[in-house]
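Let me begin by presenting the structure, written as C-alpha cells, before commenting on it.
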Amino acid sequence: MKLDIDPPRLRSREAQHADIPLLSLEEIHVSFGGTAALVNTNFSILPGEIVGLLGHNGAGKSTLVNVATGALRPQRGKMFVQGDQVMLRGDPRDMDRFGIKVIHQVPALADNLSIYDNITLGKSEEGWSRDRRREVSRAALALLGSSLSVDRLVGSLQFGEKQIVDLARALSTKVNVLLLDEPTGALGQRETDNLHSLLRRLALEKHGIVYVSHRLRDILAICTRIVVLSAGQVVLDRPTQAFSLAELSDALAPGVSARQLVRQREVGPTEEFLKTTWRGQSLDFSRGEIVGLFGMAAGPQFYFLEALFGLGDETDSKLEGRLYRARNPRDAIRLGVYYVSADRERDGLILEMSAVDNLLLPWLDTYTNGTVLTRKEMARTFRDAAKALNIRGGAVDTPIGAFSGGNRQKIVIGRWIFGLQPRLLLLSQPTQGVDIGARTDIARALRKLADQGVTILVASSEADEIALLCERAVICEGERWQECPRTELWEEQLLEGLLC
Amino acid sequence: MSPDGTLGRAASGRLTLLGKKGQTLKKLSQHVQYLIARNGTLLGLILLIIMFSVANENFFSWQNAKNIGQAVSELGVVSIPLALLVISGAVDLSIGSIASLSGIVAATVMVETDSTVLGVTAGLGVGAVAGAINGYLVSYVNLNSIVVTLGALSIWGGMALYITGGQTVAGLPESFTELANIEIFGVSIEILVLAAAVLYGAVLLSKLPYGRRLYAVGGNQRAAFLMGISVQRVRFLMFVQVGLAAALVGLMLASKLAAATPITGQGLEINALTVVLLGGVAFTGGMGRIAGVAAGLFFVGVLRNGLVVTDTSQFLQQVFVGAILIAAVALDDKIRQFVQQRTNLRTSLDQPAE
C-alpha cells in the first residue's frame, strides 16, 4: 500500500489564512532571445479566488502560466507558495508537489494508452489494481459529468473528449492552485457549464483557480477577479464586478467589438450548389453562404465535414450538379474542397518548417518555373496573406513554431484562401483558442471569401462562434437535423435547440 | 532594453550612441553564436583539420585533400540520398547489401556478355528494384522501415553470397575498370560523382517542391496527408533513389577494384547512417540540411585520414567516430533549443521594430 505523500502544512486547508496568497509571483522577468515576454510582472492568488487572465495572443499569458507551473524558469523574479519563498528551478515536478496543476490548451496525453492509464499514470495510483484504477478514473470523469468508457484508447477520442480526460487527470490528485489555459476552447455548452460549476465548487473549498481564456463570456461568468495582460505587463487588475463587457472587450482589442462585425447579408436568389446526403441527413447549401453546423462537442457535425473531405464514411453528394466523390483529401483538394481541422497542431502544421512553407505546401507545384521553386513569388503571396489576415509575429522564413496560436491559425486558414480558389471550404472550430483580434481578422476574411461565391461550412460546438461567422445554422442533433435561422436571440435559440 | 542602453539614455546623447553601438555588437555576436550552433559539425571539422595540420605538416596539402575526397566518395554518394530518406521519416538499412548485390550482378553480366553497358544497366536495375520493394512495403503496405530494410539487408546480402558461392567475380572488361581512372581537369571521377550527389541533394531539398514535401512528410505525416500531399509516393520515390545510389556505389567499387566481392558493401549502411546523424539530420524526420551531412561526411573522412597520417592506430578511428556521434546527438537537443531562441532574435533583426 502506497501512501499519498503531501507536504503536511499544505494539506489542511482550514489551517491557512485567507489573506496569505496560495501563490504569488513577484517581479517576474522573462525574455526569449531579444523579445521580452514578461516585464517585472506581479501576480498572486488568494484561497477561494477564481482569477481570469486576459490578453491578446502574445501578451504573456501562457508565459505567466508556464512560470507558475515551473515549466519555464524566469531570468528574474521571486515566487512564494503560501507565503514561503520557493526556488524557481524551472522544474514542473516541484510545482506539482505543491499542488499547482495546469490544464493546457492542447491536452498532453499518451494516445496509445487507455483513458484510465492516462488518468493514473505516474501517480501513486499507478501501482493499484486495474479495477481500482478504472474506478478512480471513472469517478474523476463523473466529477466532470462525463460518462466516457475508461477503457477507450485516448487516440480514438475527439479533441473535446481528450480535454475532459486531461482535466480528470489533474483533478484526481491533490490540487492547491489549478491553472487552466483556454479550458473551454473545444468544449460544448453542457461541458462548459459542468466545468464551471466544478470550478466554483473547488473555489468554495478554498482552492485557487487561474482561468486563462479568450472568451469574455466565460470569464465574466465565473471569475471573481480579472487581470488583463498587455505586452508582458499587468495593465488592469480589478474584481469582476468593476468591469463591464464592453470595457474588457475594449481593453483587449481597442475599437473593435466582435458583435459589430456580424452583419446580416441580403440573402440573394439561392443557387443550388451542394446537395448532400450523409448518415440519413439530407442537406442543401447555396453558393456563397456561410453555414454553421452546430452540435455537441465531438458531435456528428465534425464527422460530416471530414466525410466531405474524403475521410471516414462517404457522402452521397452533388457539387454544382455533378457527382462529388472524394476518397481521400487529395481528391477533395483537386475539386476545390478544402478542410481545416480543429486540431491545428496535429493536423494543420509542420512545426519544423517556415511560415511560408506552411502556408503554401499544397500549392508548391504552382510556384515553380517548371522545376525550381520561385521563392520570391512565394514570399509575395505570404506577404499578401499576412496583410489580408493581419498575420504578425514573424517574417516569411520564420519557423511556424515561433508564431502565436492565433497567427498560426490564420496561416492554416490562409493556406486555403491564398492557394487555388476554393469552391467549398470546410472549417472545424476555426476560431477556437484565438483572441478577439484574430477572430475578427478571420471572420472578415471568410466574409470576403463568401462574397466571391465560395460556400463555407463551419462546424462548431460554440454558439458564439456560429453567431460570429455564420448567416444560417443547422443544429446537428437527433434524428433530423434542424434548420435554425438567424434572429436577434440566435445564440440562445441555438443552445435551446441543442438541448431540447 | 539592455542595461547599457538604459544607462546611455540617462546620461547623455553621446552615451546613447555608444549604448546603441554596444547593442549592435551584442546582436552581431549573437549572430555568430547562432551560426556556430547551427553548424556544430562544421566547426568540429575545422578544429579537426587544424589539429591534424599541427600534428603533421603533410596533412594539410592538396594531394591529401584529394585522398580524403576519394576515400569518402562512395560513402557520400549513399549518405546524401539516405539523409533525404531520413528527413522524410524513414530509414534504409539494406544499402550495403544492395551495393554488394548490384556489384555482383553487374560483374557477372559483364563477364558473361563482355558488355559494360549491359552490366551497368543490370547493376543499376537491381538497385532500383531493391529500392522499389523496400519502398512498396514501407509506403503502401505500411510496414516499419527499420524492420523491412533489416530483412532486406539479410536477403540481398545472402543473395550476393549465394550467386557467387562466396567467391570474388574477377575478369571484368577493361572498358569498365577504366571508368574508375577517368579524370577531368585533374579531378578524379569519384570526386566529381560525390560533388554531383551533394549538389543534387542540396538543390532537391532547398529548391524543388519535392524537397519541401520530404520535410513535410517527415515533420508531420498526418498534416501532409491532409494537405493533399501523396505521402506514399514521396517516400516510395526516395527509397528507389536510395537503392539506385547504393547500386552506383557497388559499381564504383567494382570498377575501382576491378572485381566484385559479395561483401563489398558490408557496413556501408551503418557508416552512412553515422554520417547522416552526425550531419544533424533528426532521426525522427522533418529536419536536416545537406551542408550538415557534407560536414559530417568530411568529418569522418578527415578523422580516418588524419589518424593514418599521424600514425595513430586505425582501430581507434572507430572508437572516435562512435564517441563523437553520441556526443553530437546528445548535444543536438541543446543546440536546437539554442537555435530556437536565436530564431526569435533573427526575426526581430529581420523585421526592424516600427
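What follows draws every value from the coordinates through simple rules; no lab data is involved. Just so it is clear, the structure is predicted and the values come from calculations on it, not from any experiment. Virtual Cβ from ideal backbone geometry, glycine too; neighbours counted across all protein chains shown.
Here the simple spin-label model places points 7 Å from the Cα toward Cβ, and for A:ALA142 and B:THR284 these points are separated by 3.8 nm.
Order of A:SER341, A:SER460 from fewest to most other C-beta atoms within 10 Å? Walk me through the intermediate numbers first.
Working: A:SER341 24, A:SER460 32.
Ordered by Cβ neighbours within 10 Å, fewest first: A:SER341, A:SER460.
Looking at region B:256-336, the chymotrypsin sites (Phe, Trp or Tyr not before Pro) that sit in a DSSP loop and have at most 14 other Cβ atoms within 10 Å of their own Cβ are B:PHE283.
Tell me, what is the FRET efficiency for A:ARG327 and A:LYS275 to the nearest 0.05, using R0 = 25 angstrom and their Cβ-Cβ distance as r? The value I calculate is 0.80. Can you give me the relative contact order of chain A as a percent, contacts being Cα pairs under 8 Å and 6 or more apart? Result for chain A is 15 percent. The fraction of all Cα pairs in region B:39-350 landing in successive 10 Å bins from 0 to the largest distance is 6, 25, 33, 24, 9, 2, 0, given as whole percents.
For chain A, report the convex hull volume of the alpha-carbon atoms normalised per residue, in Å³, without decimals.
It comes to 160 Å³ per residue, whole-number rounded.
Across region A:8-255, the relative contact order, built from alpha-carbon pairs under 8 Å that are at least six residues apart, equals 27 percent. In a reduced charge model with +1 at each Lys and Arg Cβ and -1 at each Asp and Glu Cβ, region B:39-350 shows a dipole moment near 1240 debye about its Cα centre. For the protein assembly as shown, DSSP calls about 55 percent of its internal beta bridges antiparallel.
When the helices in chain A are scored as -39500 (n - 2.57) per DSSP H run of 4 or longer and the sum is shared across all residues, what 222 nm value do you end up with, to the nearest 500 deg cm²/dmol?
Here the helix-only value at 222 nm equals -9500 deg cm²/dmol.
For region A:260-499, the Cβ-based charge dipole about the Cα centre amounts to some 1020 debye (Lys, Arg positive; Asp, Glu negative; other atoms uncharged). Its relative contact order, with pairs defined as Cα atoms under 8 Å and 6+ residues apart, puts region B:39-350 at 33 percent. The modelled label-to-label distance between A:LYS174 and A:LYS206, using points 7 Å beyond Cα along the C-beta direction, is 1.4 nm. Once Rg and the Kirkwood radius are both taken over the C-alpha atoms of region A:260-499, their ratio Rg/Rh works out to 0.96. Overall, the protein assembly as shown carries a charge dipole of about 1540 debye about its Cα centre when +1 sits on the Cβ of Lys and Arg and -1 on the Cβ of Asp and Glu, all other atoms neutral.
Amide H contacts of A:ILE103 (H built 1.01 Å from N, in plane; Pro and chain starts excluded): A:LEU179, A:LEU180, A:ASP181 sit under 5 Å, all sequence-distant by 5 or more or on other chains.
Taking amide H positions as modeled 1.01 Å from N, with prolines and chain starts lacking one, the residues under 5 Å from A:PHE32 and 5 or more places away or on another chain are A:ALA37. Computed from the C-beta positions of B:THR121 and B:ARG233, the FRET efficiency with R₀ = 22 Å rounds to 0.35.
What FRET efficiency comes out for the pair A:SER129/A:ALA242, r = Cβ-Cβ distance, R0 = 51 Å, nearest 0.05?
Numbers: r = 52 Å, r/R0 = 1.01.
Using R0 = 51 Å, I get an efficiency of 0.50.
Taking the charge dipole of the protein assembly as shown about its Cα centre, with +1 at Lys and Arg Cβ atoms and -1 at Asp and Glu Cβ atoms, the residue from B:SER53, A:GLY310, B:VAL300 reaching farthest to the positive side is B:SER53.
Here is the list for region B:57-153: chymotrypsin sites (Phe, Trp or Tyr not before Pro) lying in DSSP coil, each with at most 15 other C-beta atoms within 10 angstrom of its C-beta, are B:PHE60. Rounded to the nearest 5, the antiparallel percentage of DSSP beta bridges internal to chain A is 55%.
Only sites in a loop by DSSP and with at most 15 other Cβ atoms within 10 Å count here; which GluC sites (Glu not before Pro) in region A:147-231 make the cut? Write down the numbers at each step before the final one.
On the way: sites: A:GLU161, A:GLU191, A:GLU205; in loops: A:GLU205.
Those satisfying the criteria are A:GLU205.
Cut-off is 10 Å between beta-carbons; in what order do B:SER100, A:SER172 appear when sorted fewest neighbours first?
Numbers: B:SER100 29, A:SER172 19.
Going from sparsest to densest Cβ surroundings: A:SER172, B:SER100.
Annotation: extensible slack from A:ASP91 through A:GLU345 equals 89.0 nm (criterion: 0.36 nm per residue apart, minus Cα-Cα distance). In region A:8-255, taking the dipole from charged Cβ atoms about the Cα centre, the farthest positive-side position among A:SER147, A:VAL65, A:LEU25 is held by A:SER147. For the protein assembly as shown, pairs of C-alpha atoms spaced more than 36 angstrom apart make up 57 percent of the total. Dipole orientation for region A:260-499: of the candidates A:LEU293, A:LEU425, A:ALA388, A:ALA388 has the Cα lying most toward the positive pole (charges on Cβ; Lys, Arg +1; Asp, Glu -1).
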